[in-house]
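Step one of this worksheet: look at the structure below.
All of the numbers you see were taken from the coordinates with simple rules; none came from a lab. Computed from a prediction, not measured in an experiment: that's the story for all the values here. Methodologically, a virtual Cβ is constructed for each residue, glycine included, from the backbone with ideal geometry; neighbour enumeration extends over all protein chains shown.
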Amino acid sequence: MLKNKTIVIDLDGTLLNDKKKISNIDFECLINLSINNSIVLASGRNYIETMKIVREYSLQNYIENLIICSNGQQIYSISQNEVINSNYIEGSEAIDIINILDKNNIYWYIIDDKNLFCKTISFNCNKYMDNGRYKINILKNNEDIKKIKIEKFILNVESIEKMENIKHKLYLDYKVDFFKASRLKKYKKVEYFQNNILPKGVNKYTAVQFIIKQLNLSKYIIAFGNGINDYEILNNSTLSICMKNSNATIKEISNFITLSNNENGIDYAIKNLLRE
């Protein structure tokens with residue numbers, strides 16, 4: 001039986017299937033794992049969206065008190081009902097970055113809580129306009145960025161060359177990071193590349209290290225993930241497990257590829273790889 005490990009599990013595309021539900025089989029597996037191990041949730045969702053899943057399945061009974069949200073920008077305490085640690089791009093720095101993006105004709109938008117801020121509606125912002133996931137706010141003055149707590153700072157560009165060029169420029173001049181690889185996205189037949197701007201050194205792995213220190217958890221990390229935002233935690237964990245639905249970059253760095261998030265992939269990995 002698996003014992004005394006820190007097991008880090010992503011939500012969307014990993015623990016959650018495509019219907020945004022946890023299968024009965026994976027849920028039972030998680031409960032069993034929690035008996036002798038520490039379960040840490042690590043999501044790209046902000047704490048509000050993450051806690052919806054926690055409450056829906058009463059996960060607070062099985063997971064650690066501290067949750068990684070917004071790809072490591074937020075550490076949320078269930079017991080205190082608040083974000084206890086946060087790292088955001090500061091408003092003045094964000095304004096400087098946005099001025100450069102605008103000058104280079106790079107499309108960007110910012111997400112804060114349930115709000116999306118942009119100058120024009122394009123790319124997948126059209127989707128958010130259609131489904132009402134976020135309230136769309138059109139910014140007329142870059143200075144208004146100072147009032148926003150930037151939980152996600154997203155770039156969409158037409159070519160990978162253009163993305164790499166702007167990444168290189170921002171790396172040199174600002175204390176920011178990006179996802180390891182840009183994602184090829186498609187909305188209504190339009191293909192484009194997407195990446196996120198993050199504060200320097202902020203990701204799911206650095207957030208896990210914070211939680212391990214705070215809660216005195218095992219440094220033996222078993223990580224489950226599927227997306228490019230899971231790169232650092234999968235690349236640095238003791239044992240990395242990705243889902244069959246992961247992209248090629250994630251599969252290359254993982255120790256084991258399990259079944260997909262629609263095929264009880266977490267349970268399959270535990271039964272077939274981690275059996276002791």
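Can you list, largest first and rounded to whole Å, the semi-axes you get for the chain by taking the square root of 5 times each eigenvalue of its Cα gyration tensor?
Numbers: eigenvalues 208, 77, 64 Å².
Semi-axis lengths for the chain are 32, 20, 18 Å.
Please list, in order along region 110-119, the HN-Hα scalar couplings obtained from phi with the Karplus expression 6.51 cos²θ - 1.76 cosθ + 1.60 (θ = phi - 60°), rounded to whole Hz, x for Gly and Pro.
Residue by residue, region 110-119 yields 10, 10, 9, 6, 9, 10, 10, 10, 7, 9 Hz.
Only counting other Cβ atoms within 10 Å, I'd like 159, 23, 240 sorted with the fewest neighbours first.
Neighbour counts put them in this order, fewest first: 159, 23, 240.
Please state the charge dipole magnitude for the chain, taken about the Cα centre, from unit charges on C-beta atoms (+1 on K and R, -1 on D and E), reported in debye and rounded to the nearest 20.
Values: 37 positive and 31 negative charges, 63 e Å.
With Lys and Arg at +1 and Asp and Glu at -1, about 300 debye.
Could you sort out which of 147/185; 135/169; 20/127; 213/244; 146/167; 169/189 sit more than 24 Å apart by Cα distance in this structure?
Over 24 Å apart, Cα to Cα: 147/185; 135/169; 213/244; 169/189.
Ratio of region 11-128's C-alpha Rg to 2.2 N^0.38 Å, to two decimals?
Values: Rg = 17.5 Å, N = 118, 2.2 N^0.38 = 13.5 Å.
Normalised Rg, Cα atoms only: 1.30.
Provide the percentage of antiparallel DSSP beta bridges, counting only those with both residues in the chain; round to the nearest 5. Walk me through the numbers before you get to the answer.
Values: 29 of 49 bridges.
Given both bridge residues lie in the chain, the antiparallel proportion sits at roughly 60 percent.
Can you list the HN-Hα couplings for region 20-26, worked out from phi with the Karplus curve (6.51, -1.76, 1.60; θ = phi - 60°), rounded to whole Hz and with x for Gly and Pro?
Listing the rounded values in order: 6, 10, 9, 5, 4, 5, 5 Hz.
Taking 0.36 nm per residue of sequence separation and subtracting the Cα-Cα distance, how much length would be gained by fully extending the chain between residue 253 and residue 206, in nm to one decimal?
Numbers: separation 47, 0.36 × 47 = 16.92 nm, distance 1.77 nm.
Stretched fully, the residue 253-residue 206 segment lengthens by 15.2 nm.
DSSP loop (so not H, G, I, E, B), at most 12 other Cβ within 10 Å: list which trypsin sites (Lys or Arg not before Pro) in region 101-148 pass both filters.
Working: sites: 103, 114, 119, 127, 133, 135, 140, 146, 147; in loops: 114, 119, 133, 140.
Here the trypsin sites (Lys or Arg not before Pro) that fit, given the DSSP loop and packing criteria, are 114, 140.
Taking Cα pairs under 8 Å and at least six residues apart, what relative contact order does the chain come out at, in percent?
Working: 504 pairs, mean separation 57.8, N = 276.
Relative contact order here is 21 percent.
7 Å from Cα along Cα→Cβ at both residue 119 and residue 138: what's the point-to-point distance in nm?
1.4
Just rank 233, 250, fewest to most, by other beta-carbon atoms within 10 angstrom.
Numbers: 233 27, 250 24.
Neighbour counts put them in this order, fewest first: 250, 233.
Once you sort the root eigenvalues of the Cα gyration tensor of region 91-199 as a ≥ b ≥ c, which label holds: rounded (a/c under 1.5), prolate (a/b larger than b/c) or oblate (the other case)?
On the way: a/c = 1.68, a/b = 1.06, b/c = 1.59.
The shape class here is oblate.
Just to confirm the number: angle between the C-alpha axis of helix 204-215 and the first principal axis of the chain, 0 to 90 degrees, nearest 10?
That helix lies at roughly 50 degrees to the long axis.
Tell me, 151, 28 in order of fewest to most beta-carbon neighbours within 10 Å? Mind showing how you got there, number by number?
Working: 151 23, 28 13.
With the fewest neighbours first, 151, 28 line up as 28, 151.
What is the diffusion coefficient of region 158-203 in µm²/s, taking the Kirkwood radius over Cα pairs and the Stokes-Einstein relation at 25 °C with a viscosity of 0.890 mPa s? The partial results should precede the final answer.
On the way: Rh = 11.4 Å.
Reported coefficient: 216 µm²/s.
Can you work out ³J(HN,Hα) from phi for every residue in region 254-268, in order, using Karplus 6.51 cos²θ - 1.76 cosθ + 1.60 and θ = phi - 60°, giving whole Hz and x for Gly and Pro?
8, 6, 8, 10, 8, 5, 6, 5, 9, 10, 6, x, 5, 4, 4
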